[in-house]
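Enquirer: Take a look at the following structure, please.
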Amino acid sequence: MITRYVISLMNYYLYKQRPMITNLYLNYSNRPLTGIEIGTASGINAKRICEQLNMRTLYCIDPWDRYDGYKLMHKVPDLSVLEVEARKNLRGLPVKFIKQKSEDALKYIPDYVDFVYIDGNHEYEYVKRDIELYKPRCHFIGGHDIDCRAGVKQAVEDTFNHYRKIKCDWWVRNQSCNRVR
Ligand SMILES: C[S@@+](CC[C@H](N)C(=O)[O-])C[C@H]1O[C@@H](n2cnc3c(N)ncnc32)[C@H](O)[C@@H]1O
């Protein structure tokens, strides 16, 4: 337990790896995984996921477009610039792009995946809905920005009695959904 914590922190500070992803590595080592990132932006984190884990497929879900209800977190006025960047940054890696909002993307992904990493719309109702929609379909669910976005923290606390948190990441192992074989 302590070793995992130390390794996660070390990866976070030295290599900018997200603690949930390091935790997946510590759990799964080099086993092939199928996962989802909700909110890919320019693909920086997706690229790190593919570099750290042995990904069979990483589904990258992002509308790369403005919509009512999304308070823009990026300085760029045109989100399609991020899509172009993502496609460039992730070229040659085992990713599938799903250009949809997370609530509309379910029909394009497998019924079960090993993990879902939520980093899309950080408003309470969106995070809550992402958790509700994706939790039944994955072995690990978690995400980013729990330490700095009140909506994320509230949604996680309203859903789970217990969750792991290291720095900006949170995650939960879903015992009722096995990992993909
Ligand atoms: C914080 S950025 C993601 C950063 C990325 N995960 C990383 O660490 O490199 C948030 C992204 O979520 C996307 N987004 C916003 N609402 C979304 C939704 N409903 N479903 C999926 N993605 C969404 C935005 O277009 C934006 O690119």
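Enquirer: Within the range 167-174, is even one residue within 20 Å of Arg31 (Cβ to Cβ), assigned to a helix (DSSP H, G or I) and in contact (Cβ under 8 Å) with a residue 12 or more places away in the chain?
Expert: No, because not a single residue in the range 167-174 is within 20 Å of Arg31 (Cβ to Cβ), assigned to a helix (DSSP H, G or I) and in contact (Cβ under 8 Å) with a residue 12 or more places away in the chain.
Enquirer: Listed residues Ala150, Ala105, Ala155; which is within 12 Å of the ligand (Cβ to nearest atom) and hydrophobic (A, V, I, L, M, F, W, C)? Can you show your working first?
Expert: Working: Ala150 fails: within 12 Å of the ligand (Cβ to nearest atom); Ala155 fails: within 12 Å of the ligand (Cβ to nearest atom).
When all the criteria are applied, what remains is Ala105.
Enquirer: For residues in the range 29-40 being in contact with a strand residue (DSSP E or B) (Cβ under 9 Å, 6 or more places away or on another chain) and more than 15 Å from the ligand (Cβ to nearest atom), which is nearest to Val116 (Cα to Cα)?
Expert: First pass over the range 29-40, keeping only residues in contact with a strand residue (DSSP E or B) (Cβ under 9 Å, 6 or more places away or on another chain): 31-40.
Add one more test, that the residue is more than 15 Å from the ligand (Cβ to nearest atom), and what stays is 31-34.
Working: Arg31: 16, Pro32: 15, Leu33: 11, Thr34: 9 Å.
Top of the filtered list is Thr34.
For every residue, the table says whether it meets (1) of a type in the set (Lys, Arg); (2) out of contact with any strand residue (DSSP E or B) (no Cβ under 8 Å at 6 or more places or on another chain); (3) surrounded by 20 or more Cβ atoms within 10 Å (Cβ to Cβ).
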| residue | (1), (2), (3) |
| --- | --- |
| Val6 | no, yes, no |
| Leu24 | no, no, yes |
| Asn45 | no, no, yes |
| Asn54 | no, no, no |
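Enquirer: Just the residues that are more than 10 Å from the chain's Cα centre (by Cα) and within 7 Å of the ligand (Cβ to nearest atom), please, taken from the range 41-61.
Expert: Within the range 41-61, Ala41, Ser42, Gly43, Ile44 qualify.
Enquirer: Looking only at the range 110-136, count every residue that is more than 18 Å from Asn174 (Cα to Cα) and either loosely packed, with under 15 Cβ neighbours inside 10 Å or touching a strand residue (DSSP E or B) at 6+ places or on another chain (Cβ under 7 Å) (or both) and tell me the total.
Expert: Selection size over the range 110-136: 3.
Enquirer: Let me ask something else. What are the residues in the range 148-160 that are more than 16 Å from Arg173 (Cβ to Cβ) and either modelled with pLDDT of 95 or more or in contact with a Gly (Cβ under 6 Å, 6 or more places away or on another chain) (or both), if any?
Expert: Residues satisfying the conditions are Ala150, Gly151, Val152, Lys153, Gln154, Ala155, Glu157, Asp158.
The values are calculated or read from the model by the stated rules, or taken from the named source; none is laboratory data. All of these numbers come straight from a predicted model, not from anything done at the bench. Every residue, glycine among them, receives a Cβ derived from its backbone with ideal geometry; neighbour counts consider all protein chains shown.
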